[in-house]
Amino acid sequence: AEDPNNPSEKNVFNSKENDADVDDGLWSRGASDVAKNHWPFDGIDNTFFGNSKLIDGSVFGSAANFGFSDSGTDDTTDDPTDDPAPDPSLNGDAPVDIYLTFSGGGHSLDFSSSVSSLIDSYGYSWTFSGDALVRTNHDTSASAGWLTSEFEYHDIYGKDASIERAMAWGKHGDLEVEYSLGDDDPFDKFIIHVSSDKRFGTPLFKTIGGASKCPGEPNTMWRESDVDLKSAWAAGVNNEYIPPHSNALYDLTITNASPYRETMYFGLLLTSGEAHTADFGGNMLDLTFTINQDRLRPFGSLLTLSDVPSVDASGNLKHSRLTLEIERGKLAHEYTSIGVQLVSECEWQLSRDWMYREALSSTTFLGDFKWEKECPKVTWNDATYNTYLNYVASKEKSPYMNLTVTNPDPLNLWSSDWVDGNSKKTNHLVHKNVQFVRLQWRNLGEGEWINAWDMNGNDADIWKNDIVDGDVQCAASRGAGCEMKWNLERQYFFNGLKDGSYEIRAKVFCSGYDSFATSEVRSSITDENLNLVVDIDPPEATETTVLNRVVTIQYSEEITCPQLQSDHMAYAIKQIKTCGDNDVNTYISADTVYSYYKFKCLKSDNRGSLMVTFPQGSGKSGLFEITVNADSYGSKITDAGGNPAERQTFEAMIGCATSHHFSSAKLGAEPRGNENYNPQRYFANISAFSESTRRVLYITLGAAIALFSSNFIAYVKRKLGDNKRKDDIVVDRGECNSLKEGAQERYGAVL
């Protein structure tokens, strides 16, 4: 009967467990017939469900067959005015709906039940036995007189055997159920519908009403709902054009319109909107978010807001306002699809573990906000800086200045650094609105900046090439740099009219900014300007002075004295006369000039002067000629541009008793024996005196001439009156000479 190959016999494998008459199908492996016949909906494919024993019938539930009668003494009738009895009671065959209501706080109600039942059993037994016995008896007796003897012998031998077979099985079911009704929040309330499980016979609870939080449970009023978060630009702030060193500012407004107007604990998180499809947080690169100085980070912890109020003392809704400040990072200037989420603090903690839904929240998006990008920087490369920081241009040098600029900022690139395909992964760092990179010049410290010209064309005659304002922007600004060969001659610096000091800068021009943009958004310039001195004309001697044994020759610009060479002396000195007006006409030897005469170049107020000191105690006095740049093959006095001063001869009275300042220039003079007559050398150089001295001289000389004229007229009238002749009047030349010498001696000038 236990043979599993013979299923017609009852065994553990074909025992019947779904018997409604015995156990209501309590122990079926799947949905029992009772549960299946009581599910609360139609349209189920009975072909499938009818044959399946693996459907969990407990999920369907049904109305309960018990209720709560009143607490009166009469158990046969229910009085609806009485309080319900604390324990449910059966109501016969009529099912009833049971509803329970309880509030949170206090103790919870704990229930437990245990059911153990023999589901089915079967058993049988049989015995077979047999035995055998062999017995031997021997009795002997004898008597003789009074003596009697007996002898008995018994021998029994036997064997028995038995066989017994027994089989029994039983199937038991154990069911333990524990449930608890309670909530730790005294402000929570629940209304639950109680039904019975047709499979297990246990209560089935469904929440159908109430109020709850942490978490808000299905079919109840969520006490943390209706809390709203809004964002707006802070007053006076335009977050579409944020200055480079300012922060984006937003006002966050929280309105707590929760159903019971309770104060709540919430928190703030950062989030991304649907418009951002890359990695979360990728649209917040290097941004710093603060809420009233507290940090708020992507992937960071919740920024808790404690006791967010709902209403004021009058019951009016309150709007709590916070300030969100965003500091720009290094990698981007424009951001989109960034949101701030106000979330239930408790539910957020639960949602990180087991909660069945997302935490209650309200999200506001900040919209697009953008910092105005600083115009990229520009600087000179090392070669340009070292070569042209203080540069003197002249016809003795090349007319070209090879100027190279670079971009020192790797996080703010010029527009020319854009790479199609973004192979360098740097396109997000490119400033899209760099229009020009100009080289500009102006007079040192003043005037308007003028663009340096660039030539279009390669004609050897530079004047045949067109000119444009140079733009040195190129794709190598972060490498070798961008070079411009600036031809100074083509910009008319070598026409002889622009000698002077200038400064040169590089400037980046940007566009795309609003009308309130700062200067650093509109453009950028080099930190240090290059200094250019254009020196085309040679230095000109303007005046000479003599004091004791020192002759000073003033030039129109700064000059540089040459290194003295005895075999090619830059200076020649010749004595013309002695103090007694005797002719000498003797050159002082070059060795003597080299050894005993001193030559020094001085600088003052952008002017230069040559100071020649005659040796003391040489015994030589009189009228001397000093020739500057005397040797055609030797070194010469030059200006800053290397332009040599003209070969000139100057006269000076040295060591004589009178303090006359004799000096006159003989431009390009040769020695006296070979020269043509030049009247300039015989007249005094009035410009040798200061302006105030010259003014006194002019006034005194004018007065002397007026006096002379008055005396001369009086003398003529006297002569005419005495002689009464109309002869020709002859002026006494000796008297005129006397007046002339008197004026000369008094005022130190030769008329």
Compute the signed sum of charges (Lys and Arg +1, Asp and Glu -1) over the other residues within less than 13 Å, Cβ to Cβ, of residue 408. -3
Which value, in debye to the nearest 20, gives the size of the charge dipole of region 570-609 about its Cα centre, when Lys and Arg are +1 and Asp and Glu are -1 at the Cβ? 240
Sequence-distant residues sharing a close amide H with residue 209 (under 5 Å, placed H): 191
Rounded FRET efficiency, nearest 0.05, which uses the C-beta distance separating residue 540 from residue 390 and R0 of 30 Å: 0.80
Each label point is 7 Å from the Cα along the Cα-to-Cβ direction; what then is the distance between the points at residue 297 and residue 632, in nm? 8.4
Using label points projected 7 Å from each Cα along Cα→Cβ, tell me how many nm separate residue 467 and residue 587, to one decimal. 4.7
Identify, among 306, 214, 231, the residue whose Cα sits farthest towards the positive end of the charge dipole of region 182-330, taking +1 on the Cβ of Lys and Arg and -1 on the Cβ of Asp and Glu, with the dipole about the Cα centre. 214
Sorted by average packing, counted as other Cβ atoms within 10 angstrom per residue and highest first, what order do 650-656, 567-573, 162-168 take? 650-656, 567-573, 162-168
Expressed as a rounded percentage, what relative contact order does region 448-599 have, with Cα pairs under 8 Å and six or more residues apart? 12
Picking from 650, 629, 606, whose Cα lies most toward the positive end of the charge dipole for region 576-662 (charges on Cβ: Lys, Arg +1; Asp, Glu -1)? 606
Once you place label points 7 Å from the Cα toward the Cβ at residue 712 and residue 185, how far apart are they in nm? 12.5
Each residue of region 481-490 in order: what ³J(HN,Hα) in whole Hz does its phi give by Karplus 6.51 cos²θ - 1.76 cosθ + 1.60, θ = phi - 60°, with x for Gly and Pro? x, 10, 10, 9, 8, 8, 8, 5, 5, 5
On the accessible surface of region 397-482, probed at 1.4 Å, how many percent belong to carbon and sulfur atoms? 48
Too long at a 31 Å Cα-Cα cut-off: which of 464/507; 330/485; 395/464; 577/636; 485/600? 330/485; 485/600
So what is the accessible area of region 502-586 per residue, in Å², with the probe set to 1.4 Å? 46
For region 365-419, accessible area per residue (1.4 Å probe, heavy atoms of protein chains only), Å²: 44
Count the net charge of all other residues whose Cβ sits under 10 Å from the Cβ of residue 505, scoring Lys and Arg as +1 and Asp and Glu as -1. 0
Probe 1.4 Å, protein heavy atoms only - accessible area per residue of region 103-223 in square angstrom: 71
Highest average packing first - 574-580, 317-323, Cβ atoms within 10 Å: 574-580, 317-323
If packing is taken as the mean number of other Cβ atoms within 10 Å per residue, what is the order of 429-438, 203-212, 442-451, 515-524, highest first? 429-438, 203-212, 515-524, 442-451
Grab the beta carbon distance between residue 136 and residue 163, set R0 = 45 Å, and tell me the FRET efficiency rounded to 0.05. 0.90
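The values are calculated or read from the model by the stated rules, or taken from the named source; none is laboratory data. Everything numeric here is computed off the predicted structure, so don't read it as measured data. With ideal geometry, Cβ positions are generated from the backbone for all residues, glycine too; neighbour counts draw on all protein chains shown. These accessible areas exclude ligands, DNA and RNA; they are computed on the full protein's heavy atoms, side chains included. Shrake-Rupley method; radii C 1.70, N 1.55, O 1.52, S 1.80 Å.
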